[in-house]
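Following: one structure in structure tokens, then a few remarks.
What follows draws every value from the coordinates through simple rules; no lab data is involved. Keep in mind it's a predicted model, so treat the numbers as computed, not measured.
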């Protein structure tokens with residue numbers, strides 16, 4: 001018998017993930033502060049909860065997909081939160097991208113109530129969430145991980161247990177650093193090409209099959225030269241991820257000079273009111289300095 005899932009957090013990523021779980025014939029009890037998002041999921045076959053506490057109390061597995069560490073702490077440990085409703089023997093899977101040290105802190109509190117936890121951040125953006133092809137980095141006990149594989153298989157393709165609780169978050173920080181560096185490199189390089197009068201589509205075709213080719217290049221370059229910055233992953237969220245990486249690195253004594261630089265670029269764009277745009281808009285920082293636009297001819 002399939003587990004009943006309490007799904008909390010129906011944003012750009014969470015809602016399509018929950019819909020894929022419904023398609024896989026899981027029962028979903030959904031909660032989000034955005035009532036329209038909950039209603040949309042109810043139309044797809046979910047049940048609605050009035051609080052995180054209620055969603056947790058009506059489920060065997062509780063999934064949270066939220067913006068940042070404070071949100072996850074509030075939803076799980078705060079008033080009317082998961083901790084108040086969850087039953088002993090349940091499993092909490094936090095699929096948000098947060099500070100891994102916070103994941104470890106939350107797991108300790110849940111364990112006091114006899115509740116297991118996995119931290120399982122994802123990569124793949126809105127497209128991966130819709131298509132059910134997310135990469136999932138899971139931290140937690142092997143037995144709990146195996147018990148939840150059917151859930152992960154409904155929303156992702158590349159699913160790897162990377163260690164104990166918090167390990168998923170650490171690997172996600174590694175992922176986000178690499179993605180940020182890639183987007184910055186694409187933006188800077190294509191700015192040079194645009195300033196030289198070249199068509200960015202031609203540049204893309206010329207380099208995509210070589211060592212410069214990457215999933216970031218394939219996903220983000222067309223958005224840049226198509227001037228489409230509708231968010232699949234928002235600037236403000238990637239800024240948050242790099243902030244978490246820098247904070248964690250400070251605790252571990254690891255210098256991250258490139259991450260710090262790109263985090264400041266994201267911050268610059270946020271001060272311009274562009275935090276809601278896709279992180280591919282990072283390229284516009286380089287365009288502005290060079291007074292050129294990376295645009296298809």
> Mean separation of Cα pairs under 8 Å and 6+ residues apart, divided by the residue count of the stretch 4-165: what relative contact order is that in percent?
Replying inline: 20 percent
> Can you give me the relative contact order of the stretch 162-297 as a percent, contacts being Cα pairs under 8 Å and 6 or more apart?
Replying inline: 39 percent
> Roughly how large, in nm² to one decimal, is the mean projection of the convex hull of the alpha-carbon atoms in the chain?
Replying inline: 15.9 nm²
> With axes computed from alpha carbons, what is the tilt in degrees of helix 215-225 against the longest principal axis of the chain, rounded to the nearest 10 within 0 to 90?
Replying inline: 60 degrees
> Across 5 Å bins from the origin, how do the percents of Cα pairs in the stretch 83-152 run, short distances first?
Replying inline: 4, 15, 26, 23, 18, 9, 4, 0
>> Taking 2.2 N^0.38 Å as the expected size of a compact globular protein, what ratio does the Cα radius of gyration of the stretch 115-158 give against it, to two decimals?
In response: 1.14
> Where the eigenvalues come from the Cα gyration tensor of the stretch 15-65, what are the semi-axes √(5λ) of the equivalent ellipsoid, largest first, in whole Å?
Replying inline: 15, 13, 9
> Averaged over all directions, how much area does the convex hull of the C-alpha atoms of the stretch 251-297 cover when projected, in nm²?
Replying inline: 4.7 nm²
> So what's the projected area for the stretch 1-136, the Cα convex hull averaged over all directions, in nm²?
Replying inline: 7.2 nm²
>> Between helix 14-23 and the chain, what is the angle of the helix's C-alpha long axis to the longest principal axis, kept within 0 to 90° and rounded to the nearest 10?
In response: 60 degrees
>> Just to be sure I follow: if Rg is taken over the C-alpha atoms of the stretch 131-237 and Rh is the Kirkwood radius over the same atoms, what is Rg/Rh?
In response: 1.09
> Which number comes out as Rg/Rh for the stretch 171-290 once both Rg and the Kirkwood Rh are worked out on C-alpha atoms?
Replying inline: 0.98
>> So for the chain, averaging the separation of alpha carbon pairs under 8 Å that are six or more residues apart and normalising by length, what relative contact order in percent results?
In response: 14 percent
> Can you give the angle from 0 to 90° between the axis of helix 235-252 and the longest principal axis of the chain, with both taken from C-alpha atoms, to the nearest 10?
Replying inline: 80 degrees
